[in-house]
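Structure, as structure tokens:
The values are calculated or read from the model by the stated rules, or taken from the named source; none is laboratory data. Just so we're clear, the structure is a prediction, and the values are computed from it rather than from any experiment. Here the Cβ positions follow ideal geometry from the backbone for every residue, glycine too, while neighbour counts run over all protein chains shown.
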Amino acid sequence: MPFLERHRLERCTELLRLVALRITAIVLQIAAQLLLGRLLGSAGLGLFQLVSTWLNVLGETAAMGLPSRAMRTVSSSKDGETIAQYRFLIKTLLVICASWALLAGVTIGVYYYAPNFLPFDTDARQMSYLWVVLFGALGFAQLRLIAEVLKAQQHAQAAVFAESAGPVAVLLVGIGICTWLGVSDALQLALIYVVGFAFTASVLIGIFVVPNLISILSRSTEHGNSLELRMDTDLAALASSGLLNILFVSFPFIVLPYVSSLREIGTFSVAFKLVNLISTILLLLSALYGPKFAKAAKNGEAHCLADILRRTQLVSCLLYLPPLLVLALFSEDILLLFGEEFVVAKPYIYALLVGQAINAATGLSGVMLNMVGAGKHELLCSFSAISIASLIALMMHNTMTTLDVAILFSAALAFKNLASYGCAVLYIRNLSTVRAMSPLPMQTT
């Protein structure tokens, strides 16, 4: 009993630390959004949001699902294989660099031969944002990979804080410098923001990888096992699922340029960020429970998977409900902090909160599907949701308003999470049935 109580206390302490780190990151992100709104205005903020959106999309494309695969591979490896884990990380980083180089080549080709397909206007000023996005995509992909490996190595606190707060902290420093110099240029701030990804990834490499890299170089290969980096259909499913998830989260800002002005995109982005910043509290659970899902699935423990999923649902609701109520009751006062022009975003907040509430209620069902090797089911859920939403947007684009986009996104988010939850429950039920039908091992005397 004392051992169990101590174990539970350690788990609670770890969760509380992750919550504290996530809240700190959220405070930094809210501060950055507030200062950007004050410094750039709604139109400038809308342009900055487009940079952030396409940085995520291209970065996830370059990552090719490798961060999720790395977390699963490292989580399932044996204790004491640290050297092999970092060798695996280095190999994966090189693959991501090659993937990014190919993506950069395709983007440059589109720039020269089909510029109308690009998300920015074709004038020279706005095309500069494309190169900022392309540069930031590599840092984004590398940071994602390093953070996922560190989470699997039980360095979740450092990984979560660096991933969510590192680039924002660099941006805040840049905002301070620009304010001191009297500069309010969205392009310069966007460049500072993308530098933050590369800087944060470099810091993590220096702290965790470089000391072990020295060990790797000083040891002969026979002193450690090699973790295999397989390029298979499951990785393709992880890559497609990750890209679809990013496209799904970015869906409003992919549609809005065709139905709204930059000023409207900027006001919507404040509402979206406020709701999304609250929901990012839930991301800390993936750092805590992602490796647990992988290990339970590897051992075929259906009851353990079900217990972990229920636990994530409970913790998600407990973490999400208080800030949801605050934002719902005091949304106008909060929006006034960004400026009077942002008060019109109040209806957007109400629409977005509904979908995020269902997201919290379904727990980490999508994370579970990816961690147990059922990424194709998560892929199907994401693909169905974004396909339906895209079809509706195409049919209504001539009459669609910014509020319609918010409602459509919230409904699609609810559909996707309910579908993922249903697939997760079905997977656990099937695994339990298979385990029950398996013959018991014969006992020898």
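Restricting region 413-437 to residues that are surrounded by fewer than 17 Cβ atoms within 10 Å (Cβ to Cβ) and of a type outside the set (A, V, I, L, M, F, W, C) leaves a set whose member that is modelled with the highest pLDDT is Gly422. Picking from residues in region 364-399 that are surrounded by 18 or more Cβ atoms within 10 Å (Cβ to Cβ) and among the polar types (S, T, N, Q), the one that is nearest to Leu314 (Cα to Cα) is Ser365. Suppose the filter is crowded, with 16+ Cβ neighbours inside 10 Å, of a type outside the set (Ser, Thr, Tyr), at pLDDT below 90 and over 20 Å from the mean Cα position of the chain (by Cα); does Leu440 pass it? The answer is no for Leu440. With respect to Val51, is the statement that it is at pLDDT 80 or above, exposed (fewer than 14 other Cβ atoms within 10 Å of the Cβ) and more than 14 Å from the chain's Cα centre (by Cα) true? In short, no. The sole residue among Ser316, Ser260 that is outside any helix (DSSP H, G or I) and either in contact (Cβ under 8 Å) with a residue 12 or more places away in the chain or of a type outside the set (A, V, I, L, M, F, W, C) (or both) is Ser260. Would a scan of region 223-241 turn up a residue that is touching a Phe, Trp or Tyr at 6+ places or on another chain (Cβ under 9 Å) and modelled with pLDDT of 70 or more? So far as region 223-241 goes, yes, one or more of its residues are touching a Phe, Trp or Tyr at 6+ places or on another chain (Cβ under 9 Å) and modelled with pLDDT of 70 or more. Within region 82-114, the residues that satisfy the criterion of being of a type in the set (Gly, Ala, Ser), free of Cβ contacts under 8 Å to residues at least 60 places away in the same chain, part of a helix (DSSP H, G or I) and farther than 17 Å from Val132 by Cα are Ala98, Ser99. The C-beta contact set for region 343-368 (first residue without any contact (Cβ under 8 Å) to a residue 12 or more places away in the chain, second residue assigned to a helix (DSSP H, G or I), distance under 8 angstrom, 6+ apart or interchain) comprises Val343/Glu332; Val343/Leu335; Val343/Leu336. If you check Tyr350 against the conditions, is it among the aromatic types (Phe, Trp, Tyr), assigned to a helix (DSSP H, G or I) and farther than 30 Å from Ala70 by Cα? Yes.
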